[in-house]
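Take a look at the structure set out below.
The values are calculated or read from the model by the stated rules, or taken from the named source; none is laboratory data. Given the structure is predicted, the values throughout are model-derived calculations rather than measurements. So basically every Cβ, Gly included, is an ideal-geometry build from the backbone, and we count neighbours across all protein chains shown.
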Amino acid sequence: MDGVRVDAVERVFRGRRGAEVVALRGMDLRAAPGEIVAVVGASGCGKSTLLELICGLQQPDAGSVTADPAVLMPQRDLLLPWASALDNAALALRARGVGAGAAREQARPLFERFGLRGFEDERPAALSGGMRQRVAFVRTLLAGKPVLALDEPFAALDALTRQEMQGWLGRALADEPRTVVLVTHDVEEAIVLGDRVVVMSPRPGRAVAELAVDLPRPRHRTDAAVVALRERAMDALGAVV
Amino acid sequence: MSETRGPAEEPLRTGGVHANPNARMPTLPTLPTVIGWASALLILLALFGAWELYADFGPVDPLLLPAPHDVAQALYEDRALLWENFTVTAGEVLLGVVVAGAAGFACAIALHLSLALRRSVYPLLVASQTIPIVLIAPLLVAWLGFGIAPKLVIIALVSFFPIVVTTLDALARVDSETIKLLRTLDAPRLRVLRHVELPAALPGLFSGAKVAIAVAVIGAVFAEYAGSSSGLGNLIQTAIPNLKTERAFAAVMILSAFAIALFGLLTLAERLFVPWAHNPPGGNTR
């Protein structure tokens, strides 16, 4: 188990008419096994590219990425509208060839544990945004991979639901520890959830600052220590924007 | 649903997030629906009224355009004959659309999976639609005889194309992010097809079948014209030289009503089997 190691990675996209867009340049990132690393940065700084590199969906143009098997939880829940909540979560198992019945039986206990009991048979259209993200998270867990790459999982939610879901995710990860790389543009979210916060520069993205969050859990965005750290992180972000 | 959950057994449970209670409300006919039906009826009455007036007082020979009341009379008097021939044509159309649906769906998937096929075969499919049926119908009769086989081929030929196009479009609209997600879940290509793309293609199949029904009915008439011993197309063909124009029109009425009924049935089946296609696509938050 080596968690995640991203070393001096460069990733260049060729736009139309041959213009080059450097998404990442000299990007370094470490996540020890079991560690929650929150990556913050402005929109378009290459955060999603970073996660796709970690998940093996893209290859770096320079540098290296070594990571334990990783699964992506995208910003949109991407639940299949025709499948029940339970079947949507079980999709992670079906994708690997587990039969329908066995996949459901494996997914069911996670519904109990993560506050989804009673919603197993609902279609995604009948679920609230927060519930849909819970189902998406259970699907991510069921992929059975040691590394979770979470791409702004709560960005599409309203502010109240987002706070509630941050608390929920913190407890879920305490319950089901994994190596996590959490990408977000919400500094508070990064501090509430992360063991460590990495600040990225605008494009071309690279890590420019790092803050250890040695605070007891559960944390709240109103805790004095969280607020103080938030100021430091905002300063770091402000310095690079 | 939420009341079945115990209060203290789940440390991760939090309140405040509930399913939308209105999500499964049955839809009752609303005032606009009633107005819609009423105006449809009015338009129909106006059309028949205008036709009646024109046929009775206009300059056209009733052998070319019979009045609606003559057609209604033919519908009643020839009902046994019409019904007998209707069952033949209806069977051809139903079987032809089913064959076209299966072949079109399979063809769309093959085209979706292979870029090379899409590049080479898709234009040929488009070209095949420009061949006038009247040209190949006699050829098919010469090859396949006077039985149901050439009719099925013709009906399937005309219905096949809309089904391929709409199914292929539905397949192409599958969210690329979802495909990416399935890849990080280690799904091989065929499992992506089975769990994501096939269900997503079903609404396309239904749209295509709805278009196909109308052309399938026309196809059946052409096919029977080219060589047959029964069916409403055959009836039309024999009624006209016998100066029984109202019987031919009665047959057309039945064909129209049949197409409308099939269309309605398909719309019902669509609501039943692909209800999600009528909701906003996944990913919305409330």
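Numbers at a glance
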read-out	value
Hits in the range B:179-205 (condition: buried (at least 21 other Cβ atoms within 10 Å of the Cβ) and of a type in the set (Val, Ile, Thr))	B:Thr184, B:Val196
Those residues of the range A:73-94 which are facing chain B (nearest Cβ under 7 Å) and touching a residue at least 40 places away in the same chain (Cβ under 8 Å), in sequence order	A:Pro74, A:Arg76, A:Asp77, A:Leu78, A:Leu79, A:Leu80, A:Pro81, A:Trp82, A:Leu91, A:Ala92
All positions within the range A:126-153 that are charged (D, E, K, R), assigned to a loop (DSSP other than H, G, I, E, B) and more than 21 Å from A:Ala103 (Cβ to Cβ)	A:Glu152
Qualifying residue in the range A:174-185 (condition: within 13 Å of chain B (Cβ to nearest Cβ) and charged (D, E, K, R))	yes
Residue count for the range B:51-82, restricted to those that are surrounded by 11 or more Cβ atoms within 10 Å (Cβ to Cβ) and modelled with pLDDT of 90 or more	22
Selection within the range A:154-175 - touching a helix residue (DSSP H, G or I) at 6+ places or on another chain (Cβ under 6 Å) and assigned to a loop (DSSP other than H, G, I, E, B)	A:Phe154, A:Leu157
Unmet requirement for A:Ala107, which otherwise passes all of (1) buried (at least 22 other Cβ atoms within 10 Å of the Cβ); (2) free of Cβ contacts under 8 Å to residues at least 40 places away in the same chain; (3) within 10 Å of chain B (Cβ to nearest Cβ)	(3)
Within the range A:21-53, tally of residues that are more than 15 Å from A:Val4 (Cβ to Cβ), β-branched (Val, Ile, Thr) and within 14 Å of chain B (Cβ to nearest Cβ)	0
Test: A:Ser128 is among the hydroxyl-bearing types (Ser, Thr, Tyr) and within 7 Å of chain B (Cβ to nearest Cβ)	yes
Residues of the range A:133-154 classified as at the interface with chain B (Cβ under 7 Å from one of its Cβ atoms) and within 21 Å of B:Pro275 (Cβ to Cβ), total	0
The range A:95-104, residues that are crowded, with 20+ Cβ neighbours inside 10 Å and more than 7 Å from chain B (Cβ to nearest Cβ)	A:Ala103
Tally, over the range A:54-72, of residues that are away from every other protein chain (no Cβ under 12 Å) and under 16 Å from B:Lys180 (Cβ atoms)	1
Of all residues making up the range A:180-228, the number that are more than 19 Å from the chain's Cα centre (by Cα) and acidic (Asp, Glu)	2
